[in-house]
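The values are calculated or read from the model by the stated rules, or taken from the named source; none is laboratory data. The structure presented is a predicted model; accordingly, all values stated were derived computationally and were not measured. We place every Cβ from the backbone using ideal geometry, glycine too, and count neighbours over all the protein chains shown. Areas reflect the complete protein model, heavy atoms only, side chains present, ligands, DNA and RNA absent. Shrake-Rupley method; radii C 1.70, N 1.55, O 1.52, S 1.80 Å.
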Amino acid sequence: MHNVLLQERPDLLELLYQPFNLDWRGENPEGEKPWYACPMFSVYDGKVTSRITSRIFFESVVRWGEELGMTDKQREALNLVQQISERPELRLAMDFKEGDMQFINNHIMLHARGAYEDYPEEERKRHLLRMWIAVPEGKRRKLSPVLADRYRIVAMGGIPKKIAA
């Protein structure tokens with residue numbers, strides 16, 4: 001996707017290297033504000049890293065202030081990212097079966113879940129677990145300082161589940 005953007009719209013790619021505001025959507029770690037800023041692409045040690053997340057996190061940040069919302073150019077860039085990500089030659093579809101596991105490095109692989117139909121019976125409902133794996137320093141790619149701060153959350157075991165009041 002990065003290289004397609006570089007070839008087709010380098011002006012928008014440059015914008016994706018600048019911070020976007022994102023809503024934590026209630027999953028902010030203890031002591032963190034309910035939104036954060038992060039670029040969609042960064043480079044460190046000559047390696048491109050991506051950090052693109054679901055559109056809702058970009059859109060809902062305005063609940064913390066209209067000034068946090070995307071600019072028209074940022075929205076155009078994200079629309080193009082979405083369009084490029086839907087190109088068949090850049091996609092891989094997988095059909096998961098019970099017991100399947102998938103490991104993805106969120107910094108180099110974009111991924112999404114397609115629509116599915118769940119069973120009405122509780123014992124047959126889909127059960128999907130998200131796991132955060134922190135690879136020790138020296139055994140993983142180094143991240144730019146802005147992403148290294150976000151990786152700190154992974155290193156501490158992910159975002160702790162909040163207890164409802």
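How much net charge surrounds Gln18 when only other residues with a Cβ under 15 Å from its Cβ are counted (Lys, Arg +1; Asp, Glu -1)? Could the numbers behind the result be given before it?
Values: positive: Arg9, Arg51, Lys73, Arg75; negative: Asp11, Glu14, Asp72, Glu76.
With Lys, Arg at +1 and Asp, Glu at -1, the net is 0.
Springs between alpha-carbon pairs under 10 angstrom, Gaussian network model over the chain: which of Met131, Met40, Met70 fluctuates most?
Looking only at Met131, Met40, Met70, the largest GNM fluctuation is found for Met131.
Pick out which of Gly114, Gly26, Gly65 has the largest mean-square fluctuation in a Gaussian network model of the chain, springs linking Cα atoms closer than 10 Å.
In the Gaussian network model the winner is Gly114.
Under the classification rounded if a/c is under 1.5, otherwise prolate if a/b is larger than b/c and oblate if not, where does the range 1-146 fall, given a ≥ b ≥ c as square roots of the Cα gyration tensor eigenvalues?
Numbers: a/c = 1.41, a/b = 1.30, b/c = 1.08.
Verdict is rounded for the range 1-146.
Output the pairs from Lys97/Lys125; Lys33/Lys73; Lys47/Lys139 with a Cα-Cα distance over 20 Å in this structure; if there are none, say none. Kindly include the intermediate steps, with their values, before the conclusion.
Numbers: Lys97/Lys125 13 Å; Lys33/Lys73 25 Å; Lys47/Lys139 15 Å.
From Lys97/Lys125; Lys33/Lys73; Lys47/Lys139, over 20 Å: Lys33/Lys73.
For Glu98 and Val43, compute 0.36 nm times the residue count separating them, minus their Cα-Cα distance, and round to one decimal in nm. It would help to have the intermediate numbers written out before the result.
Numbers: separation 55, 0.36 × 55 = 19.80 nm, distance 3.72 nm.
Net length gain for the segment: 16.1 nm.
What net charge is computed for the residues neighbouring Ser50, neighbours being all others with C-beta under 13 Å from the C-beta of Ser50, Lys and Arg scored +1, Asp and Glu -1?
Details: positive: Lys47, Arg51, Arg141, Arg150; negative: none.
For residues surrounding Ser50, the net value is +4.
Full extension from Ser60 to Ile84: what is 0.36 nm times the residue separation minus their Cα-Cα distance, to one decimal in nm?
Between Ser60 and Ile84, full extension yields 6.4 nm more.
How much of the accessible area of the range 50-125, probe 1.4 Å, is carbon plus sulfur, in whole percent? Each step should come with its number before you reach the end.
Working: 3060 of 6150 Å².
Summing carbon and sulfur atoms, their accessible area is 50 percent of the total for the range 50-125.
Where does each of 100-107, 13-20 land if you order them by average Cβ count within 10 Å, highest first?
So the order, starting with the most tightly packed, is 13-20, 100-107.
Using a simple charge model, +1 on the beta-carbon of Lys and Arg, -1 on the beta-carbon of Asp and Glu, nothing else, what dipole does the chain show about its Cα centre, in debye to the nearest 20?
That gives a dipole near 520 debye.
Just in the range 22-83: which GluC sites (Glu not before Pro) are loop by DSSP and have at most 16 other Cβ atoms within 10 Å? Kindly include the intermediate steps, with their values, before the conclusion.
Values: sites: Glu27, Glu30, Glu32, Glu59, Glu66, Glu67, Glu76; in loops: Glu27, Glu30, Glu32.
Hits after loop and neighbour filter: Glu27, Glu30, Glu32.
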